[in-house]
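No value in this document is a laboratory result; all are computed from the given coordinates. Just so it is clear, the structure is predicted and the values come from calculations on it, not from any experiment. Every residue, glycine among them, receives a Cβ derived from its backbone with ideal geometry; neighbour counts consider all protein chains shown.
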Amino acid sequence: MVLNNLNSLKGFLLKLKPKITAAQDYQALVYALGLVNKRLYVRESSSRNVVIIGPTQAGKSTLVNLLLGLKVAKVSALAAFTRKANGFTTNDDMQSIKTTLDKFFAISPVNSSQKPTWLLRQIQNSEYKNTTVWDTPDFDSVDAPGYKESSLMLCALADLVVLVLSKEKYADLAVWQILKLSKFSKRPLLVFVNKIDPKDSEQILNILHNKFKQENIENIGIFALPYIKEDVALKLAEHKSVIKAKNLIKTKLAESQAPQGDIKAYLKYYWTDWTRSLTSELQAKNTWHKLISSEIESAKDAYQRDYLQSAIYGDTRQKTMLKLLELLEIPQLAATLGTIRSIITWPFRTLAKNFGLQTTTGKNSPGNEQTVLLEIQESINIKLLRKVGEHSADDKTGWWRELWQVLKTQEATLQAQSARRIKQYQIDFAPQIHEVAQKIYQRLEKEPATLNSLRAARASVDAAAVLFAIKTAGIGLNDLVLTPAMLAFTSMITEGAVGHYLRREEEKLKTRQLMSVFELLDKFGQDLANLPAAVSQDKIFAIDAKEFKTITDSIHKL
Ligand SMILES: Nc1nc2c(ncn2[C@@H]2O[C@H](COP(=O)(O)OP(=O)(O)OP(=O)(O)O)[C@@H](O)[C@H]2O)c(=O)[nH]1
Ligand SMILES: [Mg+2]
């Protein structure tokens, strides 16, 4: 259970990592990854780790050699000389430590081609059994952000930390920022101040003791090392500070395993800082969904107002009428068909004129409903684009700006997609219109007088010819439904005996139509809600509110 939690926590931290810009938060997060990886991969029985850390040129590599009594770490007067973590181990089983360390240090994407940030070398030293002593890169030089991860990770791995300061560096902010990380981990901390003039030594040690007290950071000893002109290693090897420190380290390492440290408290302490941008982003996402909902709601109102309750709803009625004509099978039509057949080979304009059409708008001109829906869709997009633009103006996370870009580039695609959805809705809804026509026809069958008069009427015959033209010539519905013939036929029905019945059925149809269009509009909303997914994951967190909550809750169970 805890392992599962740790694994998902690790995945979450890895997602946060590339987006954290504040240096201190970043370093705290890498340290947290170290703590998590240590729990996940480092067995308690494995070798002990002594980690030497400090600012550049403080004398870390020099001290590693002094503590080991060997000349293994490379010392140089070049600033930021050590750039990889160098482990010197007395453990015989190099292979097994390497395997463990490979897992421990992996905090970059699995297939990243990054070069290893650490090296391991076996040494012979009978003083430290089953121990790895680490020389680490500095954490304060200009280049350090590029390589200090391994030092931070090692601080988390350490069973004991040795901090090396020089007389110019002990008050540096970077030093104290790193030390604050160790507050929660409870690793024994030993401090060296290097290159000190012996006459200043007491004073500097006092200042440091006070500073540690003030910062509430525990240490197991602070030692001063004098500035030596040359042959540092040779002359300091027997220095009392070095001897004392070596004994202290050996005693500490011999004690039972260092406490694991309180990961939970540590995570809780930094959690708000690490997730501040994520929280703003999730808030922005939430606002985006609310904006969409409110636009879709007004679109639903607009559809009712501009279509269902408007005079142009006639086009649905005309579709019903056309279907009804089909069902009526008017006998006189056969005679008319001859004429129609000769007409349909004519150009479209001539044909349309024959049926009393004033204007011809082409055979693909959209129906009224389609036009209304397309306009509604366009208006949703325009309004949302404006609102997203407003939010971008004071956007701290960059999320709104990214969304604006996506919305702008996807505008045409969205429109095309909506147009397809509208067409599909109309195709899917057609059977319901036909069903109403069926019902009216069945109703008419019960009233043979009306049925016969309809079949006989001149208007029906002309209208049937219109229907025929639509079916055979592929002429757009909208061009022809308003012909006088269709209007005459429609009014015969509406004003006739079944008029009342028709209107009642039409009301029911409207309700179903409204529901179908609500579904359609909700799909528009879904398309819009999915837009943030198109934003590159380099730019925003790929974390949703649910995942965030699950992980946040899981910290309490650690
Ligand atoms: N004269 C003198 N030089 C010292 C003393 N301690 C360290 N040095 C020199 O200071 C320089 C830096 O020492 P290193 O041990 O390489 O320092 P470091 O902390 O490992 O430095 P980076 O790896 O660059 O971060 C080297 O030239 C050392 O010889 C000392 O007590 N006296
Ligand atoms: Mg060094």
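General remarks:
- Debye log10 I(q)/I(0) for the chain, one point scatterer per Cα, at q = 0.09 Å⁻¹: -0.77
- Calculated FRET efficiency, Ala171 to Ser294, Cβ-Cβ distance, R0 = 45 Å: about 0.20 to the nearest 0.05.
- Three-way shape label, region 9-143, alpha-carbon gyration tensor, a/c 1.5: oblate
- Cα-based values for region 47-259, radius of gyration first and Dmax second, are 16.4, 54 Å.
- Selection from Val36, Ile52, Pro137, by position along the positive dipole direction of the chain (Cβ): Ile52
- Helix axis angle, 263-274 relative to the chain longest principal axis, alpha carbon, degrees: 50 degrees
- Pairs exceeding a 32 Å alpha-carbon distance, out of Lys60/Lys199; Lys10/Lys408; Lys115/Lys211: Lys10/Lys408; Lys115/Lys211.
- If R0 is taken as 45 Å, the Cβ-Cβ distance between Thr494 and Ala545 corresponds to a FRET efficiency of 0.25.
- Over all other residues within a Cβ to Cβ distance under 13 Å of Val242, the charged ones net out to +3, with Lys and Arg as +1 and Asp and Glu as -1.
- Centroid-to-centroid, using Cα positions, region 199-250 and region 479-558 are 74 Å apart.
- Of the residues Ser151, Thr275, Val372, the one whose Cα sits farthest towards the positive end of the charge dipole of the chain is Ser151 (charges of +1 on Lys and Arg Cβ, -1 on Asp and Glu Cβ, taken about the Cα centre).
- Charged side chains reduced to their Cβ positions (Lys and Arg at +1, Asp and Glu at -1) give region 413-471 a dipole of some 140 debye around its Cα centre.
- Tensor-based shape of region 206-291 (alpha-carbon gyration tensor, a/c under 1.5 rounded, otherwise prolate or oblate): prolate
- Under 5 Å between amide hydrogens, built in the peptide plane, is the criterion, and for Ser141 it picks out Thr56 among residues at least 5 positions away or on other chains.
- Two-site FRET efficiency, Asn286 against Lys211, from Cβ-Cβ distance with R₀ of 30 Å, rounded to 0.05: 0.10
- Here the extension length gained between Glu435 and Asp92 equals 115.0 nm, from 0.36 nm per residue of separation less the Cα-Cα distance.
- For region 154-195, the convex hull spanned by the alpha carbon atoms encloses 62 Å³ per residue.
- Partners of Lys383 within straight-line reach, counting aspartates and glutamates whose Cα lies under 14 Å from its Cα and excluding those fewer than 8 residues away in the same chain: Glu295, Glu297, Glu375, Glu411.
- Beta bridge orientation in the chain: antiparallel %, DSSP, nearest 5: 15 percent
- Helix-only CD estimate at 222 nm, as mean residue ellipticity for the chain, using -39500 (n - 2.57) per DSSP H run (n ≥ 4): -20000 deg cm²/dmol
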